[in-house]
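Let me begin by presenting the structure, written as structure tokens, before commenting on it.
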Amino acid sequence: MIAIGAQCRATDDEELHLATSYFARAQRTAFAGMLQVPTVNLARSFVLMAFYMLGACRRNSALMYIGIASSISMILGLHFPENYQHLPIQTREARLQTGKSIRVLDLICNTILGRPGSTPIIRDEREFLDGEICPNYATLCATYEIVSVLQSVVNKTTENEGIHIDAAEEFIQQLQRWSHDLPPHLRHQSLGSPDMLPTLETKRAIVGKIHLACIYYYGVIQVTRQFLVSQILPHIRGMVVEESIDERKADLATMCTEAALLMAQMCEYTDQANALLSNMCILKAWLFSSGLVLGFSLLRSHKQMGSTRQAFQSACRILGRFGQTSPQAKQYHCILTQFAEAIDAHERESRSNRPRSKPSRVERIVSFDIGNCSQESNMVEMQNTLPSPPHSGGSNVNIDGQSQPETFHMDDLTWHWDWTSGAGDNEILRMFLDPCLDNLLNIPGGG
């Protein structure tokens, strides 16, 4: 726990060294008797070590630790609450909470990578508990329920290389039923004043609810992303789009953008309230996926262009901040920055190919000088003194009768990403089709 805390702060090399040294001690303790007597505490230790490895961008090591924790869970029968219903209440609580935590982390990490999980589901809905274990146990239970839906989505997508629209709508209905069943206290959280740091309990509740909401948004994105691609791909390739639109597919494509938008906005609000940690190993992968969707959505005009652009910039900014402690988040930030440049290039090309409006057949009859300046030069000077519009997703001054969307202004980073050739020579498409899916939690060359 101390190692994870130091890793999440990681404001300097001293804290990183502290995190590394405490983690090494935890490893030695866990490995000392791991093959002799499997216990709940040993399973907890491997879950914590997996979480630390995710924060250190060591995905493969993290998945190995999760696999060990999952095996211990099965050996101890943590997925059968009826087997330990007669044990003391503290023991029952520890076993049930540990079993659910292992499955949640297992499925979250593997669904991000498009892989099946290995931890079995709890076979009995009865928990044999006397009330709630802790204030955040409801969040864990809600997360436990939705990861099963997310696993079904990923399995279906992997098996069939996509989801049929009927199956997609069924998954969306499952996610909606889960959302409607959430208790009110999980749907609201006070962030407090931006000038004051939240208390430990408040921050714990905020972080838990952020992850809960992000799983839901990520599930919606996984179900609907292919329909967003099918809607925007013709515009990228310069194809003539038929006027007839499949309303079902259009609705699913809109849901994809909305889910990414809500995820980025939520992270922006909580970041402004100083509620996010410096290193959030799972959130950065979700936020990167959200940024890809938002950037892709900017390639075609729609009603929420302004909000989408602002949310895309928020995702980039937050990943840039995470990049101060996480090499993987830094790389995500760089990829989205390059994506922003590609979007700008696409918009410039689209404007250059757009037919110009006809010249006006009405001429200016007279112009007036104001002092020593002509009317035209005075108007230019006035425009130059106006403040630049905020990055709210609006449009700049009209050029040739066309409103010009504002461009992105981000750090000029030098990282490069070797995109795969699955999308051909279309740079925009290569950016979005997520060839880096296998690297969402691991930097190149990492363990």
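The values are calculated or read from the model by the stated rules, or taken from the named source; none is laboratory data. Everything numeric in this text was worked out from a predicted model, so none of it was measured. With ideal geometry, Cβ positions are generated from the backbone for all residues, glycine too; neighbour counts draw on all protein chains shown.
Anything in segment 166-190 that is outside any helix (DSSP H, G or I) and either aromatic (Phe, Trp, Tyr) or surrounded by fewer than 16 Cβ atoms within 10 Å (Cβ to Cβ) (or both)? List them, or say none. Give the steps one after another, and end with the answer.
If we filter segment 166-190 for residues that are outside any helix (DSSP H, G or I), which is where we start, we get 181-183, 187-190.
Across segment 166-190, the qualifying residues are Asp181, Pro183, Arg187, His188, Ser190.
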Cys134: passes all of (1) under 28 Å from Leu87 (Cα atoms); (2) at pLDDT 80 or above; (3) surrounded by fewer than 17 Cβ atoms within 10 Å (Cβ to Cβ) but (2)
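Has segment 50-61 got any residue that is more than 17 Å from Ile122 (Cα to Cα), in a helix (DSSP H, G or I) and without any contact (Cβ under 8 Å) to a residue 12 or more places away in the chain?
The initial filter retains those residues of segment 50-61 that are more than 17 Å from Ile122 (Cα to Cα), namely 50-61.
From what's left, in a helix (DSSP H, G or I): 50-55, 59-61.
Checking the rest, the ones that are also without any contact (Cβ under 8 Å) to a residue 12 or more places away in the chain come to none.
Scanning segment 50-61, I find no residue that is more than 17 Å from Ile122 (Cα to Cα), in a helix (DSSP H, G or I) and without any contact (Cβ under 8 Å) to a residue 12 or more places away in the chain, so the answer is no.
Of the residues Leu18, Leu35, Leu113, which single one is within 23 Å of the chain's Cα centre (by Cα), over 20 Å from Asn136 (Cβ atoms) and at pLDDT below 90? Let's see the steps before the verdict.
Values: Leu18 fails: within 23 Å of the chain's Cα centre (by Cα); Leu35 fails: within 23 Å of the chain's Cα centre (by Cα).
Of Leu18, Leu35, Leu113, the one residue that is within 23 Å of the chain's Cα centre (by Cα), over 20 Å from Asn136 (Cβ atoms) and at pLDDT below 90 is Leu113.
Considering segment 155-165 alone, what residues qualify as being surrounded by fewer than 21 Cβ atoms within 10 Å (Cβ to Cβ) and in contact (Cβ under 8 Å) with a residue 60 or more places away in the chain? Before the answer, list the steps.
Here is the first cut: in segment 155-165, the ones surrounded by fewer than 21 Cβ atoms within 10 Å (Cβ to Cβ) are 155-162, 164-165.
Result: Thr157, Gly162, Ile165.
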Arg9: passes all of (1) modelled with pLDDT of 85 or more; (2) touching an Asp or Glu at 6+ places or on another chain (Cβ under 6 Å) but (1)
Given (1) without any contact (Cβ under 8 Å) to a residue 12 or more places away in the chain; (2) part of a helix (DSSP H, G or I); (3) under 14 Å from Ala138 (Cβ atoms), Arg204 misses just (1)
Those helices (runs of 4 or more DSSP H) completely within segment 240-337 that have 1 or more residues that are basic (Lys, Arg) and surrounded by fewer than 24 Cβ atoms within 10 Å (Cβ to Cβ) are 247-272, 305-322
